[in-house]
Amino acid sequence: MEPTEATSWPAVSVIMPVLNEERHLRAAVTRVLAQEYPGGMEVVLAVGPSRDRTREVADGLAAGDARVRVVDNPSGRTPDGLNAGIAASANPVVVRVDGHAELSEGYIATAVSELLRVGADNVGGIMDAQGTTVFEKAVACAMRSKIGVGNARFHVGGGAGAADTVYLGVFRRETLERAGGYDPHFARAQDWELNHRIREAGGLVWFTPDLSVTYRPRGSFRALAQQYLNYGRWRRVVAARHEGTINLRYLAPPLMVAGTTAAALAGLAWRPAWLVPAAYLGGIVAGGIAAGAGEEPGVRALIPPVLATMHWSWGIGFLTSPRRLRAPREHAG
């Protein structure tokens, strides 16, 4: 049931794995501290060895508000930071937030209310990609479109209900403890992997469009390509670790890369084969026009190459995922 005057709101622990987030960290933490949540709150920043002033910013935030604490994450890896934040916190509800994400107004109260109302183990909402530069705006458009990221509700929206995974997440601590926390093997895709284990154990992962988190996209083609290369690489690791979890949505990019490349090479001897890469090019141009409706010309012009970068990087990452990452390994939790 939802908290009322007769039933107190559970205290929450907001955990944030932080690495090289000097640019966005202050805004992210400020949005957390500005939440009008009726229960108690603590914020734990698990800071890795950053190349910028992230630690200085984090220490300043902790000095300015007693609710904020800083712990070390020596490896700098996301799952290690998440587990360090969980271990250093104590409240019955754990809210995951990234250093480049900004919670919407009322996010924590809405999430906790929904967590209790439906009896869920994890609740999450929409990853609302919003850019500030022309390039970031183009990436944001691509990340909000089905041609860019498929039909996952946390990207493109949809009705409330059970889901395979959600963005970030608001968890019952007891659920995280039963699951053993995040698997440290997964440098990426740790959210999907954890949510899969929660569901396999009979838990409920719940999506609601009433929750929204502003996400700040990567700021260059190189950074975007590296991000999606890692997404594809680690999604194959998840598929190898958990049989039966792959579907057409995840196979589409590697199949596109293999098919388009094969057709382009075949076109050297049989020109009609070039219709395949031409069709792909036409598809991302048309999809980019639709995704960029209402945006300025510079943004619209960048969306097709952004889409191609996302598709090809994800597909190549999946196809070239190192075998050593897919080797069986017992979860450390």
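Counting only protein heavy atoms, what percent of the accessible surface of the chain is carbon or sulfur at a 1.4 Å probe? Before the final figure, lay out the partial values.
On the way: 8180 of 14790 Å².
It is 55 percent, rounded to a whole number.
Count the net charge of all other residues whose Cβ sits under 13 Å from the Cβ of P92, scoring Lys and Arg as +1 and Asp and Glu as -1. If you can, show how the numbers build up before the last one.
Numbers: positive: R172, R173; negative: E42, D121, E174, E177.
Charge balance near P92 sits at -2.
Leaving out ligands and nucleic acids, and using a 1.4 Å probe, what accessible area per residue does the chain come to in Å²? Don't skip to the end; give the middle numbers.
Details: 14790 Å² over 333 residues.
Computed with neighbouring chains in place, this is 44 Å² per residue.
Rounded, prolate or oblate, given the Cα gyration tensor of the stretch 1-153, with a/c below 1.5 counting as rounded?
oblate
For helix 297-319, what angle does its Cα long axis make with the longest principal axis of the chain, in degrees from 0 to 90 and rounded to 10?
90 degrees
Looking at the chain, identify the longest residue range that excludes and avoids all GluC sites (Glu not before Pro) in DSSP loops having at most 16 other Cβ atoms within 10 Å.
In the chain, the maximal stretch lacking such sites is 106-242.
In a GNM of the chain with a 10 Å cut-off on Cα contacts, which of R236, R271, R23 has the highest mean-square fluctuation?
R271
For a test of the definition: using alpha carbon positions, the gyration tensor, and the 1.5 limit on a/c, classify the chain as rounded, prolate or oblate.
It is prolate, given that a/c is not under 1.5 and a/b is the larger ratio.
When DSSP beta bridges are limited to those with both residues in the stretch 1-123, what percentage is antiparallel, rounded to the nearest 5?
Numbers: 1 of 17 bridges.
Taking every DSSP beta bridge with both residues in the stretch 1-123, the antiparallel ones total about 5 percent.
Summing Lys, Arg as +1 and Asp, Glu as -1, what charge do residues with Cβ under 13 Å from the Cβ of P253 carry, P253 excluded?
After counting each charged neighbour, the total is +4.
Give the shape of the stretch 191-333 as rounded, prolate or oblate, defined through the alpha-carbon gyration tensor: a ≥ b ≥ c are the square roots of its eigenvalues, a/c under 1.5 means rounded, and otherwise the shape is prolate if a/b is larger than b/c and oblate if not. Don't jump to the answer; show the numbers that get you there.
On the way: a/c = 2.23, a/b = 1.33, b/c = 1.68.
Oblate, because a/c is 1.5 or more while a/b does not exceed b/c.
Suppose R0 equals 41 Å. What FRET efficiency, 1/(1 + (r/R0)^6) with r the Cβ-Cβ distance, do R117 and L281 give to the nearest 0.05?
Working: r = 47 Å, r/R0 = 1.15.
With R0 = 41 Å, the Cβ-Cβ based efficiency is 0.30.
Could you work out the local net charge near R23, counting Lys and Arg as +1, Asp and Glu as -1, over the other residues with Cβ closer than 11 Å to its Cβ?
Numbers: positive: R26, R53, R216; negative: E21, E22, D52.
Here the count lands on 0.
Counting DSSP beta bridges with both partners in the chain, what percentage is antiparallel, nearest 5?
Values: 12 of 35 bridges.
In the chain, approximately 35 percent of DSSP beta bridges are antiparallel ones.
The values are calculated or read from the model by the stated rules, or taken from the named source; none is laboratory data. Only a predicted model underlies this, so the values are computations on that prediction, with no experimental measurement involved. Virtual Cβ from ideal backbone geometry, glycine too; neighbours counted across all protein chains shown. Remember, those area values only see protein heavy atoms, side chains included, never the ligands or the DNA or RNA. Shrake-Rupley method; radii C 1.70, N 1.55, O 1.52, S 1.80 Å.
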